[in-house]
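Structure first, then comments.
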There are 4 protein chains.
Amino acid sequence: MNWHSHSQIFYQSGSFPGSPRYGQPMNKARIEAFSDGIFAFAATLLVLAFVSPEVSHTAAVDSQLVTALLAQWPHLFAYVLSFSVIGMMWHNHHALFRLVTKVDRRAGLANLALMAVTAFIPFATSVLGAYPDTRSSTVLYGLTLTSSAIAFNWLLMHLVNTKSFAAHVNRSTINQTIHAYRVGLSTYVIATFASLVEPLAGLALYILIVGYFLIPRGADTDFVEKSD
Amino acid sequence: MNWHSHSQIFYQSGSFPGSPRYGQPMNKARIEAFSDGIFAFAATLLVLAFVSPEVSHTAAVDSQLVTALLAQWPHLFAYVLSFSVIGMMWHNHHALFRLVTKVDRRAGLANLALMAVTAFIPFATSVLGAYPDTRSSTVLYGLTLTSSAIAFNWLLMHLVNTKSFAAHVNRSTINQTIHAYRVGLSTYVIATFASLVEPLAGLALYILIVGYFLIPRGADTDFVEKSD
Amino acid sequence: MNWHSHSQIFYQSGSFPGSPRYGQPMNKARIEAFSDGIFAFAATLLVLAFVSPEVSHTAAVDSQLVTALLAQWPHLFAYVLSFSVIGMMWHNHHALFRLVTKVDRRAGLANLALMAVTAFIPFATSVLGAYPDTRSSTVLYGLTLTSSAIAFNWLLMHLVNTKSFAAHVNRSTINQTIHAYRVGLSTYVIATFASLVEPLAGLALYILIVGYFLIPRGADTDFVEKSD
Amino acid sequence: MNWHSHSQIFYQSGSFPGSPRYGQPMNKARIEAFSDGIFAFAATLLVLAFVSPEVSHTAAVDSQLVTALLAQWPHLFAYVLSFSVIGMMWHNHHALFRLVTKVDRRAGLANLALMAVTAFIPFATSVLGAYPDTRSSTVLYGLTLTSSAIAFNWLLMHLVNTKSFAAHVNRSTINQTIHAYRVGLSTYVIATFASLVEPLAGLALYILIVGYFLIPRGADTDFVEKSD
């Protein structure tokens, strides 16, 4: 047994030969729990972009304070935007995992990349809130969202290639999902390029993309038709 | 299939046609887990309002330090207040979800708004702790709590309109809850306006509202009568 | 129906009349999950006491950096101490809840107080790490741990008074626990007073108390005798 | 009953005599949940190493901002490295616990030490990101990873000594794991010493070790052979 195989065992000790539990649903549940923790925690960390103002405790403290608080409106805007983005990603993540029955190591790697991008969102958001109309901040934000879409597509394509979907998920459902994920990625690429040309145009696109998702249309057909 | 429908699939991939699991309790459990995470994280982040004092390491370090620590009492007050508020919101959130059997996308949106307000509480608290007697800080705090009550009412009304309650929940229970949620919202609106006139009056109201909930009255009738 | 009763319903909507689920184990599971989140999060926040040194990027950057890092050893000491304390509290919390079958609102209030103290530990720790040998910092630390012991005793006494223990838990077990909790509280009170007289003596006591718990004695009798 | 035995009960109230539930799987599930929380939180806290740049709002804001952002590339590198490390540790932790049926107090202590090291990673990472090529920062990083490997080995050896593995786990699997854990520890010790001699060599080793794990080789044999 050489160093290579030993080391492989070390780092993937989950694949011990003879372990009858390997690859069971628990695996999936654990990845979901880890991911849920990061989604919720990243969303909560967004608030750290706000800064408690430091104004002198004089007679005019109140007018100074109200000015300092109102000056943080771009942070509030970025906060609401990113909270919506993370909520949307969390929704998509669970919608995807609900259709899946097995998660192998490559899928775990793609998911880890997705988590790393998710946990980065609070930083991109604080820069966007501090400089809402600059090219650098809006492009950074766009690159972050584009990266999340790339990770989502990577994860999806791997799940498709390894036939990891539940038996009840038919081919047309999978094809629609693939198509939709690609449309999603393209949208973010376009919005990022738009930011490069005109920051406020990029910003408008980020809002539109999330808003499109967030506001259910029609008679909330999900609910009526599928008793969701 | 046009862009619209593709994109819709992308963002609500949970509603894949043919998915037999859609709308099952797992959905509700996930939203609860996500919400529980945010309640717990937001409560824990409250401590970041305290600042470890920086005093010179001289002979008088101890007296300087004790002065600097005692000067943070308003932060301790705000900490206890907001921890109680978040505990109360967590209690109400679970009490509501316990009665519910299905959570559709609009309910998820209302819940996301509630979470965004919850995660904002640490900032409003740190401002309140830094400036406990100003109009700006107490109004900001009141607006935050009012927003949480609005989100709770939105969520409740949607659940009522979509008949999402469990079969055992009778109409009079629902009516009492609706009434109670409206009283709660009104209370926060009044406290916020009071802060606008006299900050300390608003502050007193915030304490009273939470204290009213926190201190069980009588012989803890919940326990005696309903074996809770 | 007057304001009082409406409001009571609002804030304790869990006690809706007719709810057959009220007081069931789910309640307990939720409080445990909320508490676990705060224990884990508070423990992780301890690391924020360390400060990434800012030294000039000159030829001597390495010697400056190593000096600045080594100067933070009191923070490392406080970090290990508080991580152990939170681990111990987490252990005790679960050991207690494992014996309990119902959690009413007063128990929830006592638990919320315990959580507020737990979430405060990172601040007391960062002050202790910054000023490890002052009276103010060691007393603050002692007051924090004493508060946690008070909350634990409050919680325990309420559970005892409301007969919330599982049927298999016999009276002598409960009496031993009550006694042990009181000894624990007394120990922290003594250590806090010791800090007031001689900070380093208090510090030594904090270490001894946690060390006493952390290092299993004998042949790990838990394991041998009770196959834990 | 003397002070000693009382106190022992206090701190290990889980070992109440007569408690029939003691040592059941719930115990293990709770330790896993606590550990999962810390893995996820520590990973998310990594983002705090990035600093939202403060540049003057003049005509040149964009070029200043892009410079300030690009200057943080070492933080991005350290972020990706540590996110991968924590992901790997999380994977190993679960792979190990999946094979285990009981967790006693000493195992809990070894696990607590592992968690303390895990929660420390964000600090070591922020120092590495700020000074990517110094001896102090790379050695600090190496010592942190070495400590995690020591804690993993301690935990494993205790589980082996107390025969805590499930019945289906055969001796050769355990021996391979022991060997692999020791190889892992040796690797980190070597990388730490390399950092002492040449920081960039150490850094390269940290990347290689994690990369070796992260990139599944061959046809992802886990999946093909064991339907993981």
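Inspection of region B:55-68 identifies no residue that is open to solvent by 20 Å² or more (accessible area, probe 1.4 Å), on the phi < 0 side of the Ramachandran plot, facing chain C (nearest Cβ under 10 Å) and modelled with pLDDT of 95 or more. Here D:V169 meets each of (1) touching a Pro at 6+ places or on another chain (Cβ under 7 Å); (2) over 22 Å from C:F50 (Cα atoms) with one exception, condition (1).
In summary, D:L96 fulfils each of the numbered conditions (1) facing chain A (nearest Cβ under 7 Å); (2) within 28 Å of C:A68 (Cβ to Cβ); (3) in contact (Cβ under 8 Å) with a residue 60 or more places away in the chain with the single exception of condition (2). Figure legend. Inter-residue proximity from region D:144-156: first residues under 11 Å from D:I178 (Cα atoms), second residues open to solvent by 10 Å² or more (accessible area, probe 1.4 Å) and among the β-branched types (V, I, T), beta-carbon distance below 7 Å, spacing 6+ or different chains. Indicated pairs: D:L156/D:I178.
Can you name the residue in region D:104-133 that is of a type in the set (V, I, T) and open to solvent by less than 10 Å² (accessible area, probe 1.4 Å) and is also farthest from D:L159 (Cα to Cα) among such residues?
The extreme case among them is D:V127.
Within region C:126-146, being more than 8 Å from chain B (Cβ to nearest Cβ) and hydroxyl-bearing (S, T, Y) holds for C:T138, C:Y141, C:T144, C:T146.
Results for (1) more than 30 Å from C:F41 (Cβ to Cβ); (2) of a type in the set (S, T, Y); (3) facing another protein chain (nearest Cβ under 8 Å), shown as yes or no for each residue.
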{"position": "D:R106", "(1), (2), (3)": "no, no, yes"}
{"position": "D:A124", "(1), (2), (3)": "no, no, no"}
{"position": "D:A149", "(1), (2), (3)": "no, no, no"}
{"position": "D:Y181", "(1), (2), (3)": "no, yes, yes"}
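Which one of these does A:L48 not meet: (1) modelled with pLDDT of 90 or more; (2) open to solvent by 20 Å² or more (accessible area, probe 1.4 Å); (3) within 30 Å of A:F165 (Cα to Cα)? All conditions are met except number (3). Filtering region C:127-153 to residues that are farther than 24 Å from B:A59 by Cβ and outside any helix (DSSP H, G or I) leaves nothing.
Out of C:K163, C:K102, report the one residue that is of a type outside the set (S, T, N, Q) and at positive phi.
Sole residue among the options that is of a type outside the set (S, T, N, Q) and at positive phi: C:K163.
Restricting attention to region C:154-173, the residues that are in a helix (DSSP H, G or I) and crowded, with 17+ Cβ neighbours inside 10 Å add up to 6.
Residues in region A:28-54 that are away from chain D (no Cβ under 11 Å) and in contact with a His (Cβ under 6 Å, 6 or more places away or on another chain): A:F50 only.
Can you confirm whether C:I31 is in contact with a Gly (Cβ under 9 Å, 6 or more places away or on another chain), buried (at least 19 other Cβ atoms within 10 Å of the Cβ) and at pLDDT below 90? Answer is yes for this residue. Condition check for C:F165 on (1) in contact (Cβ under 8 Å) with a residue 40 or more places away in the chain; (2) out of contact with any helix residue (DSSP H, G or I) (no Cβ under 9 Å at 6 or more places or on another chain); (3) of a type outside the set (S, T, N, Q): one failure, at (2). Flag: C:S186 matches the condition of being free of Cβ contacts under 8 Å to residues at least 60 places away in the same chain, surrounded by fewer than 18 Cβ atoms within 10 Å (Cβ to Cβ) and either facing another protein chain (nearest Cβ under 8 Å) or more than 28 Å from B:A59 (Cβ to Cβ) (or both). The single condition among (1) in contact (Cβ under 8 Å) with a residue 40 or more places away in the chain; (2) part of a helix (DSSP H, G or I); (3) within 13 Å of C:L65 (Cβ to Cβ) that D:A113 does not satisfy is (3). Take C:A95 and decide whether it is hydrophobic (A, V, I, L, M, F, W, C) and either at pLDDT 85 or above or open to solvent by less than 10 Å² (accessible area, probe 1.4 Å) (or both). In short, yes. Taking the listed residues A:T144, A:T162, A:T192, A:T134, the one that is touching an Asp or Glu at 6+ places or on another chain (Cβ under 7 Å) and under 27 Å from A:Y79 (Cα atoms) is A:T134, with no other qualifying.
The values are calculated or read from the model by the stated rules, or taken from the named source; none is laboratory data. The shown structure was predicted, so the numbers you read here are calculated from the model rather than taken from an experiment. Neighbour counts run over all protein chains shown; Cβ positions are idealised from the backbone, glycine included. Just so you know, the surface numbers come from the protein's heavy atoms only, side chains and all, with ligands and any DNA or RNA stripped out. Shrake-Rupley method; radii C 1.70, N 1.55, O 1.52, S 1.80 Å.
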